[in-house]
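A.B. asks: Structure provided below as C-alpha cells; questions to follow.
The values are calculated or read from the model by the stated rules, or taken from the named source; none is laboratory data. What you are looking at is a predicted structure, and each value in this text was computed from that prediction instead of being measured. All Cβ positions, glycine included, derive from the backbone under ideal geometry; neighbour counts span all protein chains shown. We work out accessible area using only protein heavy atoms, side chains counted, and drop any ligands, DNA or RNA first. Shrake-Rupley method; radii C 1.70, N 1.55, O 1.52, S 1.80 Å.
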Amino acid sequence: MLSNFYKMKFNTKTIHGGQEHDSAYGAVMPPIYQTSTYAQTTPGGHKGYEYSRTHNPTRHALECSFASIENGKYGLAFASGLSAIDAIIKLLKPGDEVISTNDLYGGSYRLFTKIYEDFGIKFHFIGMENTSSIESYINKNTKLIWVETPTNPMMNIIDIEATSKIAKKHNLLLAVDNTFATPYLQLPLDLGADIVMHSATKYLGGHSDVVMGALIVNDKDLADRLYFIQNASGAVCGPQDSFLVLRGIKTLHIRMQRHCENGKIIAEYLEKHPKIEKVYWPGFENHPNHNIAKSQMKDFGGMVSFTTKDNNFKEAIKIVERLKIFTLAESLGGVESLAGHPASMTHASIPKEKREKTGVVDSLIRLSVGIEDVDDLIADLKQAIG
Ligand SMILES: *Cc1c(COP(=O)(O)O)cnc(C)c1O
C-alpha cells in the first residue's frame, strides 16, 4: 500500500501517507483499538492481529505514516525515543564499536555509556562537523555510525550524505537522529542513511502530550531484525498515544513552517541585541556549516541557542525565570515556546570544564521557538533579557 503513496508530496503525506479509512465503519481517523488481544476462530485463525505487543491496528496506521513521511518502506513505533535507540543498539554484539557525534542528546549518551558499555560495546564520541575525522576511528569491530544533526544544544550540522559514503565504503550502518530537523526539513534515508530515528515526543507529536519513539528503514532484512527486537523486548507504545501522534503528524508541515519563520525572526532579533554574545542557529551565513545546512535542509528549524556577554550563571537563570510566554521546561518541538538553561538542567551532571569545551557555557540558553505570534515572543525575550 505504501508504495502507492510514494509519489505524494510531503504536505499530502503528512495527512494521507500510508493511511486507509477504517474498514468497519469508514471512520476517517483510525479508531483507537484499545485492546491487548484479538479473538481467534480456530488456533491461528485471526485477522492479522494476535496480541498488541506484536501488532495493533492503531499503531500500525502510525507506523505506516512514519514510513511515508520519511520516504522509507518500514516504520516502527516505540514507547519513547530512547527505547527506539535501545532497539538499534540491540542489533550489536559485545566487542562491536560505534562512532557517535560528541554533541548529542544527553539521554542517548547516558544509554550508550551507562548501559551498553557494560555489555561490552565500545563508543567513540567525536566531532563530526568535519566528516574526514570519522575514518580514523573505523576498525574491524566498527558496526554503526550514530549521527545527530542539528546537534543539541549547539546546533552543529553534520553532512549526512558525506557520512553515508564513509559508512557504505566500510559496510557500516548509519543511523540518524532526525528529532530536531523532522522529515519536513531533511530526509536522511534519501541522503543514504540506513536508519532514521525520532523522539516523536518532540515535533512529530508536536503538542507536548506524548512520549514516543520511531524508527524508519528501507532494507527488508534490517526491518525484520528491528521488528523482532521491538516484539521480543516489548518497548511498544499504546493505541491512545499512537492516535495522538498520528493526529500530530497531520499538521507537521504547517507547524514546521511557522517554527522556522519564528525561529529566523528570533535568531535575527537576538543577534542584534546589545547584551547577546553569540547566537547558534544554522541559518546564519557565518555558521560554520551553513552551506551543508542549506543543501541538506529545506529551512533552518525552530531551535535557537544563545549566550550573553556577561556569561553569568546566575543572570542566565534570572533570564529564564523572567520569561512569561516561553515556559522554562525540558523538551522541545511542541506548539508552545520553551526555554532551557543547559548548564543547570540537561548538562548539569557534566563537569563545568568538560561541558564548556563543547560550548555549553554558564550563560547558554536554548529556545524551542513555538508557533505563537512572534511579536509576543520577541516582547517576552525583550523584557526577560532587559
Ligand atoms: C528527546 C530526545 C531523545 C529521547 O527521546 P525520548 O522520547 O525523550 O525518549 C533523543 N534524541 C533527541 C535529539 C531528543 O531531543
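A.B. asks: Explain nothing, just compute: Karplus ³J(HN,Hα) = 6.51 cos²θ - 1.76 cosθ + 1.60, θ = phi - 60°, for every residue of segment 307-320 in order, whole Hz, x for Gly and Pro.
C.D. replies: Result, ordered by residue: 10, 9, 5, 6, 6, 9, 4, 5, 5, 4, 5, 4, 4, 5 Hz.
A.B. asks: May I pose another question? Quick one: which of 278/357; 143/165; 264/309; 122/165 span more than 18 angstrom between C-alpha atoms?
C.D. replies: Flagged as over cut-off: 264/309; 122/165.
A.B. asks: Here is a follow-up. Can you give the local net charge around residue 248? Use residues other than it whose beta-carbon is closer than 9 angstrom to its beta-carbon, Lys and Arg +1, Asp and Glu -1.
C.D. replies: Overall, the nearby charge balance is +2.
A.B. asks: Using Cα centres only, tell me the gap between segment 76-104 and segment 342-370 in whole Å.
C.D. replies: A separation of 23 Å, based on Cα centres.
A.B. asks: Please give the solvent-accessible surface of residue 380 in Å², to the nearest 10, using a probe radius of 1.4 Å with every protein chain present.
C.D. replies: 10 Å²
A.B. asks: Once both axes come from the Cα atoms, what is the angle between helix 374-385 and the longest principal axis of the chain, in degrees from 0 to 90, rounded to 10?
C.D. replies: 50 degrees
A.B. asks: Let me make sure I get this right: for segment 253-385, a, b and c are the square roots of the gyration tensor eigenvalues over alpha carbons, sorted descending. Under 1.5 in a/c it's rounded, otherwise prolate if a/b > b/c, else oblate. Which is it?
C.D. replies: Numbers: a/c = 1.55, a/b = 1.20, b/c = 1.29.
Oblate, because a/c is 1.5 or more while a/b does not exceed b/c.
A.B. asks: Related question: Go through segment 136-152 residue by residue and turn each phi into a ³J(HN,Hα) via Karplus (6.51, -1.76, 1.60, θ = phi - 60°); whole Hz please, and just put x for glycine and proline.
C.D. replies: Using θ = phi - 60°, the values come out as 5, 9, 7, 9, 5, 8, 5, 10, 9, 10, 10, 10, 10, 8, x, 8, 10 Hz.
A.B. asks: Hey, another quick one. Whole-Hz ³J(HN,Hα) for each residue in segment 104-120, computed from phi via Karplus 6.51 cos²θ - 1.76 cosθ + 1.60 with θ = phi - 60°, x for glycine and proline: what do you get?
C.D. replies: Going residue by residue, I get 9, 3, x, x, 5, 4, 5, 4, 5, 8, 8, 10, 7, 5, 5, 8, x Hz, with x marking Gly and Pro.
A.B. asks: Still on this structure, I have one more. Under a GNM of the chain (C-alpha, springs under 10 Å), which listed residue has the highest mean-square fluctuation: 109, 74, 49?
C.D. replies: 49
A.B. asks: Take the alpha carbon atoms of segment 200-277, find their center, do the same for segment 1-65, and report the distance between the two centers in whole angstrom.
C.D. replies: Computed from Cα coordinates, the inter-centre distance equals 20 Å.
A.B. asks: Would you work out if segment 1-152 is rounded, prolate or oblate? Take a ≥ b ≥ c from the square roots of the eigenvalues of the alpha-carbon gyration tensor; rounded if a/c is under 1.5, else prolate when a/b is larger than b/c, oblate otherwise.
C.D. replies: Prolate shape, in that a/c is at least 1.5 and a/b is the bigger ratio.
A.B. asks: With +1 assigned to the C-beta of every Lys and Arg and -1 to the C-beta of every Asp and Glu, and no other charges, what is the dipole magnitude of segment 2-249 about the Cα centre in debye, to the nearest 20?
C.D. replies: Dipole of segment 2-249, to the nearest 20 debye: 340 debye.
A.B. asks: In addition: Who wins for biggest fluctuation among 308, 14, 179 in a Gaussian network model of the chain, springs between alpha carbons below 10 Å?
C.D. replies: 308
A.B. asks: Could you pull out the pairs from 90/354; 7/73; 7/294; 275/318; 168/202 whose alpha carbons sit more than 19 Å apart here?
C.D. replies: Correct reply: 90/354; 7/294; 168/202.
A.B. asks: Still on this structure, I have one more. Under 17 Å between alpha carbons, and skipping anything fewer than 8 positions from residue 352 in its own chain: which lysines qualify?
C.D. replies: 314
A.B. asks: Roughly speaking, to the nearest percent, how much of segment 253-385's 1.4 Å accessible area is carbon and sulfur?
C.D. replies: Reported share for carbon and sulfur atoms: 52 percent.
A.B. asks: Can you check what the net charge comes to around residue 211, using other residues whose Cβ is under 12 Å from the Cβ of residue 211 (Lys, Arg +1; Asp, Glu -1)?
C.D. replies: Summing Lys/Arg as +1 and Asp/Glu as -1 gives -2.
A.B. asks: Between 133, 295, 23, where does the largest GNM mean-square fluctuation fall for the chain, given springs only between Cα atoms within less than 10 Å?
C.D. replies: 23
A.B. asks: Now a separate question. Of the options 98, 332, 67, report the single residue whose Cα projects farthest towards the positive end of the charge dipole of the chain (beta-carbon charges: Lys, Arg +1; Asp, Glu -1).
C.D. replies: The listed residue farthest towards the positive side: 98.
A.B. asks: So, with +1 on the Cβ of K and R and -1 on the Cβ of D and E, and no other charges, what is the size of the charge dipole of segment 253-385 about its Cα centre, to the nearest 20 debye?
C.D. replies: Result for segment 253-385 is approximately 340 debye, rounded to the nearest 20.
A.B. asks: At 1.4 Å probe size, with every protein chain present, just tell me what the per residue accessible area of the chain comes to in Å².
C.D. replies: Spelled out: the 1.4 Å probe surface of the chain, per residue, equals 45 Å².
A.B. asks: Sorting 209, 103 by accessible area (1.4 Å probe), largest first, what list results?
C.D. replies: Sorted by accessible area, descending: 209, 103.
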